[in-house]
Each structure stands twice: as structure tokens, then as C-alpha cells.
Amino acid sequence: MASGNNVTRMSPRQRMINLMYIVLTAMLALNVSSDVLNGFNQVHDGLVRTNDNMATKNEIQYLYLKELYEKNPTKVGPWLEKGTLLKNYSNTLLAEIDSLKIAIAKQADGKNGDPSNLVNLDDLEAASVTLLNPATMRGKLLKEHIESYRNNTAALITDSVKRKAVMEMLSTQASARNGDESTVTWEEQMFDNMPAIAAITQLSKIQSDIREAESEALSNLITNVDIGDVRVNELNPYVIPNSNMVMRGGKYTAQVVLAAIDTTQRPAVFVNGSKIENGLLQLAATSVGNHEYSGYIEVARGDGTIDRRPFNSSYTVMEPMATISPTLMNVLYAGIENPISISVPGVAMNGVEATMTNGQLIRKGDTWVARPDKIGTDAEIAVFASIEGSKQQVGSMTFRVRRLPDPSPYIPLKDAQGNPMNYKGVPQKISKAQLMAVESLGAAIDDDLLNVTYTVESFSTVFFDSMNNAIPEVSDGNKFSSRQKEQFRRMKPGSRFFISNVKAKGPDGVSRIISPLEVALN
């Protein structure tokens, strides 16, 4: 279109045509703007789905790191600690960004504004009011938190290329606007005069970058653990005996294997010049003392040649002795039956006898049960064996006798599949429906060392009303009273109460007050 002095020389008809062109262009611009805003909405929805998927991936990586820690706490401990700090740091920053998205939505659509269902997509003031307010400086604070997260997360990544990518991905460096030589701040560049949907999309993109950075850092932590990485650069034979100590009259048993063996091609094993089958070595223990042996393993190479690897080992034959091992621990508990395993290598079970001080030792098949009497007085178990027709004492062991430890209270209920479960309090939560179906309170020791059931005699509950006043109620023996169940019906989702003054009696006949239980609803 002509401009300047040329306008004065245009005919009225030409001027009208130019004016109509301007109006048409403006109308087209409005249509493009609407399409762009709808496009932002679609991009935002896609980012939300991507963030959810990335969050799931990161959680899987974190759980895998915890599994590695359970296998080797000493080696994995420092890496799990870093991973836990990273996870908490990420979740805190993501929660902050979520709150900013909600604030923008409410500024644009009112108090019921929802960033996932924004109505006023083109609101140009909501983002500026929320993030560029000089009184709150939420945009500046967000920038500082992103920079801190970026620097700490990048420090966990050893790969320089990936570390640089994370630094650039979470960069908060602002650039000059088109036609403006001055440099604006990062928050002004991101949110000044920005449609509400575009600002929310920008924040979701930042969340996506945070999840990506978290994923790179977690992957690097898992790589550093190196717990499952096995590198083999040579082949060595190994002799793995069941025991280097063998009683006279018994047999020495050992497994001879080749490390890094190909399971599709088993090697040939020779001991003292004779071939043994399946790598299982058995030598008769006919005399007391140290016995040596040697041999070699033959394995075929890829070119068809045979590789021979020699080995040698030894074993010791000794006189018979008793083995006494408590099934639980080196402690006997008064008032209950304590399982005891007693065996004498090389002697049949019917040739073994045992006695006990400070209590009774009863034989039940191939096992024994000890019932000590006095708490605080040691109990000694002596073992005798029939060896070559004579009865000999072959060993003894002293045990400490202690009082049964206190049990833990629990609420017996059923899970969503109808399976019985014992609820032991927070941090686990239960539904109100599960709570309403509860009848009684139980108590037991079930720590996989001791499994002892106690009888609950009485207990109290403490509820809190809307003014946070405590409302105590007393049970009906081991059952919840009608007043307690009435309090259950009044509870709201998310509320909690306490079970205290739990009195329980164990199989030793002793009644005791045990620890309280905190119950929380979903």
C-alpha cells in the first residue's frame, strides 16, 4: 500500500480499496490469534501428558535405586541420599509452578479458574499481575529457584554433554526484544503482555524441562552405583566346597566350576586324574587331618581348540562335634516355646540327646522346644551323642533368658480385594468404609523373628472435634464400644484419631501397656 504524500494523490476509489484491505487484514489477524490460542491449549495438554509420563519414568528409576540400596546399603547409600534430595527438590519446585499456574487461571477466570480448563485464553494481564507484581516478585523468585535447581541438578551429571544440555534447557538468561536494544529480565520476557494460556503453557514447558533434568540426573546416579555391572577379562577355575571342615565318617563335598562359563557348553573336570560328572566332587573323609587334591578343567574355544585350566584345593577332616543354634536368636524368652535346632554332623538324630538348665527342653521330631523358667538367669543346653556305642558330650551353649518384648497394636481389617490385613497406623491410611467394618483391636509380635499373639484386654480412643478438643472413649474389652463406633461415623475424610492405653496379655501371662496407634483416613 502507498504511504506518505502519495495518499493525497490517490483517487477516492483507491483509498476505499486500501481501507477495506486494512480491515480485512485485521479480521484475518483476529482469526489467526484465535487459532494460535487454541494451539497453545493443545500444546499445554500435550505437555501435561508428557510430564505425567516422565514423572512415572522417574519414579521407576528412583524405586530401582532403592532396590539397589536394599541389596548393598553401604555402596548405594550415598547415591540414594542424593536421589532422595533430588526427588524432593524436584517435587517442591514443580509444586511451586503448579501454584503459579493456578494463580494465573484464577486471575483470568475468577476464583474457580482451572489451568487445565482455561476460559479466557487471551487474557493479557493475568500472567503479568501474578508473576511481575513488584510486591510479591513471584516471577523473580521462580527464576532464582530454577537457577538453584539447575546448578544442583547439573552437578549430579558427570557427562559433560548431558550436563551442558541440562544447563541450556533450564537457562534463565534473557535476550533483548526485537527492535529494543535494552535487555529485559527473564520473567518479563516470559510473562509480560503474554496471553494467559501461553503463560501457563510456558510454565508447563518449564516443568517438562525439570522432569527431563531429573531423569538425566537419576540415570547418572544409577550408572554410578555400578552394582550390577560385571566385567570379565579372564577365565579362572574355582572350587566351592560345602564346608572345608568335615567330620570323620562323613564326606567332603565341593562344587568345581569355571567362572564366566558358557551354559551351552559345559567344561570337562578332572580331579586326581579322574573325570567327575557335572562338576560335583565327593571325596571320602576316612582320616582326620588336612587333605589336598588337584585337577584341571577343559573347555573348548571358539576355534575348536581346548583350553586347560589347572586348580588345586584342600579340605580338613575333624572329629565329631555338636552344633547348637537357636532358631530365633541367642536369647530364650520366658513363657513361650522357643524352637531350637540341635544336630551333630555324622550322627543320626535318634543318636542325639540334650538337656537344659533353668527350664525344660522337649524334643519334637527332629527339632527341640525350650521353655525357660526364671528371667535373668542363664540357661545352658548340653548335647550328647552316641558315637561308636558310647554316649559322649559333644557341645554346649549358654542362652540368656529374657522377658517377652512388648507387642504392637493393630486393627484387623480387609483390603480392597477382601484379603485380611493388619493395619498398624500412619503413614498408611485406610478408608472410612474399612474403619466402619472394624470390630476389635489386636496385638502381636510379628517381626519375622518372633511371631507371638497377644490378647488385648482394654484400650482407649481419643478423637478431636471441630474445635480441636480431645474426646476420649473407652473400649469394651478388646472390641470397639458403641460410643467409639459412633465417633467413627462422625469422622470426615482426612481426619485421624489415636488409640492409647492399650493393655495386652501375652502367652507368658503378663499384662502390659503397649505403644499407642495413630489411625488416619484417606
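Could you please find all residues in the stretch 332-379 being in contact with a Gly (Cβ under 8 Å, 6 or more places away or on another chain) and of a type in the set (D, E)? D373, the sole residue that qualifies. Looking only at residues of the stretch 277-292 that are under 48 Å from the mean Cα position of the chain (by Cα) and surrounded by 16 or more Cβ atoms within 10 Å (Cβ to Cβ), we find that the one that is nearest to P237 (Cα to Cα) is G279. Inspect all residues belonging to the stretch 428-436 and state whether any of them is at pLDDT below 95, in a loop (DSSP other than H, G, I, E, B), β-branched (V, I, T) and out of contact with any Cys (no Cβ under 8 Å at 6 or more places or on another chain). Looking through the stretch 428-436, none of the residues is at pLDDT below 95, in a loop (DSSP other than H, G, I, E, B), β-branched (V, I, T) and out of contact with any Cys (no Cβ under 8 Å at 6 or more places or on another chain).
Looking at the stretch 388-403, can you tell me whether even one residue there is among the acidic types (D, E) and at pLDDT 90 or above? No: zero hits. Of all residues in the stretch 325-339, those being open to solvent by less than 40 Å² (accessible area, probe 1.4 Å), at pLDDT 75 or above and not small (G, A, S) number 5. Among the residues of the stretch 72-88, those identified as open to solvent by 60 Å² or more (accessible area, probe 1.4 Å) and touching a residue at least 24 places away in the same chain (Cβ under 8 Å) are K75, W79, K82.
Would you say S314 is at pLDDT below 85 and within 28 Å of R402 (Cα to Cα)?
No: the conditions fail for S314.
Out of the stretch 474-522, which residues are charged (D, E, K, R) and either touching a Leu at 6+ places or on another chain (Cβ under 9 Å) or touching a residue at least 40 places away in the same chain (Cβ under 8 Å) (or both)? Result: K479, K485, R489, K492, R496, K503, K505, D508, R512, E518. If you go through the stretch 429-454 and pick out every residue that is touching a residue at least 24 places away in the same chain (Cβ under 8 Å) and under 21 Å from K485 (Cβ atoms), you end up with 13.
Total residues in the stretch 49-67 satisfying the condition of being touching a residue at least 12 places away in the same chain (Cβ under 8 Å), of a type outside the set (S, T, N, Q) and open to solvent by 50 Å² or more (accessible area, probe 1.4 Å): the figure is 3.
Provide a single number: the residues in the stretch 489-520 that are within 32 Å of the chain's Cα centre (by Cα) and within 14 Å of D465 (Cα to Cα).
Of the residues in that region, 8 qualify.
Residues that are hydrophobic (A, V, I, L, M, F, W, C), open to solvent by 30 Å² or more (accessible area, probe 1.4 Å) and modelled with pLDDT of 85 or more do not occur anywhere in the stretch 239-260. With the condition kept exactly as written, say whether any residue in the stretch 340-348 is in a strand (DSSP E or B), closer than 23 Å to A285 by Cβ and modelled with pLDDT of 90 or more. No, because not a single residue in the stretch 340-348 is in a strand (DSSP E or B), closer than 23 Å to A285 by Cβ and modelled with pLDDT of 90 or more. Taken over the stretch 437-478, residues that are outside any strand (DSSP E or B), of a type in the set (A, V, I, L, M) and farther than 14 Å from Y410 by Cα amount to 4.
All told, A322 meets the bar of being modelled with pLDDT under 75 and either of a type in the set (A, V, I, L, M, F, W, C) or in contact with a Lys or Arg (Cβ under 7 Å, 6 or more places away or on another chain) (or both).
The values are calculated or read from the model by the stated rules, or taken from the named source; none is laboratory data. Because the structure is predicted, anything quoted here is derived from the model rather than measured. Virtual Cβ from ideal backbone geometry, glycine too; neighbours counted across all protein chains shown. Protein only, heavy atoms only, side chains kept; ligands, DNA and RNA dropped before computing areas. Shrake-Rupley method; radii C 1.70, N 1.55, O 1.52, S 1.80 Å.
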